[in-house]
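Q: Questions regarding the structure given below will be posed in turn.
The values are calculated or read from the model by the stated rules, or taken from the named source; none is laboratory data. Quick caveat, the model's predicted, so the values are computed rather than measured. What goes into the accessible areas is simple: the full protein's heavy atoms, side chains included, and nothing from ligands, DNA or RNA. Shrake-Rupley method; radii C 1.70, N 1.55, O 1.52, S 1.80 Å.
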Amino acid sequence: MSAWFLAFVPTLVRRERASLAATLLAPVMALVIAIALNLGLYILMGRDPVAVVYAMLFEPFLSWASFSEVLLKAGPLLLIAQGLAIGFRAKVFNIGAEGQFILGAIFASAIPVWFPQATGQWIWPAMLLLGAIGGALWASLTAFWRMRLNANEILVSLMLSLVAAQLLNYLLLGPWKDPNGFNFPQSVMFQYDAMVPTLISGTRLNVSFLITLVLSVAAWVFMQKSFIGYKLQVGGLAPRAAGYAGFKEDWAIWLSLLIGGFAAGLAGAAEVAGPLGQLQRSVASGYGYAAIIVAYLGGLNPIGIVASALVMAVIYIGGDNAMVSANLPIAAVRVFQGSLLLAYLIAVAFVRYRLEWRRAAHRSPS
């Protein structure tokens, strides 16, 4: 025989309509929660939490030189995140932006590596264009295998990032290695005309930041005002309805991945033609992965992504400051980034769902 007893169990119930105020408040609450959690971590690590917070969140704003570095760091994060967000809203999950970023850097570097004596103002624009094409071509491999074998784009794009990193190592340890570079794995230094012009004298901020802002506006227009952007969003929100309306899934997959790869490749080109000035292994600095956090923290909205890119850039620059002044390990900075994404996903879950306690019948042996 068995007996029945009643218990209350928590159940998430989807809200009919998410509150706009709650939606806007979610990233702010996520930031507050992430800061609180990491402060506790720093205390357990024996670090001075006040010194860490000051170095990480305040020092980047104390001088124009520091803030210009924040803007410089925000550029690639913003550009990559805008491209990824278009695909994410279409439910095409490109996780391989890091590899596409690397390929963009490699393609762009081909011009100054192969033609080190070339001159003319055409060089750096050609490098940016070639880098964007390289990123798009690398992303097209993911689109091809998704369509040909129905391979999961998350796994394929992620694995291709590892391949891209090894290709970078091969070039810098082999045919593209600077013979006068004291055996360091790096290319030759690029000539002056291969460098993106500086935007503000005395800083490293360059014209690519303006290009990023223009493309962010273009992303907003594309997703909010164009019919193609509308089709991508419908395909992500209601795939069956999109299919009934004649919107083809294969077209959405190709377009989403190519846009993401183009943006990541352009960011990679701007990195080697900007602050680095040569192709180095350090170009693979994790921008492609951090941009995923930026895209979601911005709510996959082009305007929100601008704000979240600035927040992430502050964490990057402030983290570097904290490693010096507060003896904070680099792993702690990455934990901050990950906890920020986790806190945001939890906050968004409660924006879209409400928690209800319902009676549930359970059976237990008598």
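Q: Given 10 Å bins starting at zero, what is the percent of C-alpha pairs of the stretch 55-107 in each, up to the one with the largest pair distance?
A: 21, 36, 27, 16, 0
Q: For all pairs of alpha-carbon atoms in the stretch 79-139, what percent lies in each bin of width 10 Å, listed from the first bin to the last filled one?
A: Cα pair-distance distribution for the stretch 79-139, in percent: 23, 43, 23, 10, 1.
Q: For the chain, what is the calculated [θ] at 222 nm in deg cm²/dmol (nearest 500), taking -39500 (n - 2.57) for each run of four or more DSSP H residues and dividing by its residue count? Numbers along the way, then the final one.
A: Working: 13 runs with 238 residues, N = 366.
So the calculated ellipticity at 222 nm is -22000 deg cm²/dmol.
Q: Can you compute log10 of I(q)/I(0) for the stretch 76-295 with the Debye formula, treating each Cα as one identical point scatterer, at q = 0.10, 0.11, 0.16 Å⁻¹?
A: -0.44, -0.53, -1.01
Q: Here is a further query. If the convex hull of the alpha-carbon atoms of the stretch 194-342 is projected onto planes in all directions, what is the mean projected area in square nanometres? Intermediate values should be presented prior to the final figure.
A: Numbers: hull surface 44.1 nm².
Result: a mean projected hull area of 11.0 nm².
Q: Could you give the length gained on full extension between Ala307 and Val217, defined as 0.36 nm per residue of separation minus the Cα-Cα distance, in nm?
A: On the way: separation 90, 0.36 × 90 = 32.40 nm, distance 1.35 nm.
Stretched out fully, the Ala307 to Val217 stretch lengthens by 31.1 nm.
Q: Could I ask something else about it? Given a 1.4 angstrom probe, I'd like the percentage of the accessible area of the stretch 116-193 that is carbon and sulfur, rounded to a whole number.
A: On the way: 3090 of 4510 Å².
Of all accessible area on the stretch 116-193, carbon and sulfur atoms account for 69 percent.
Q: If you don't mind, there's one more thing I want to ask. In degrees between 0 and 90, to the nearest 10, how far off the longest principal axis of the chain does helix 227-237 point, with axes built from Cα atoms?
A: Roughly 40 degrees, rounded to the nearest 10.
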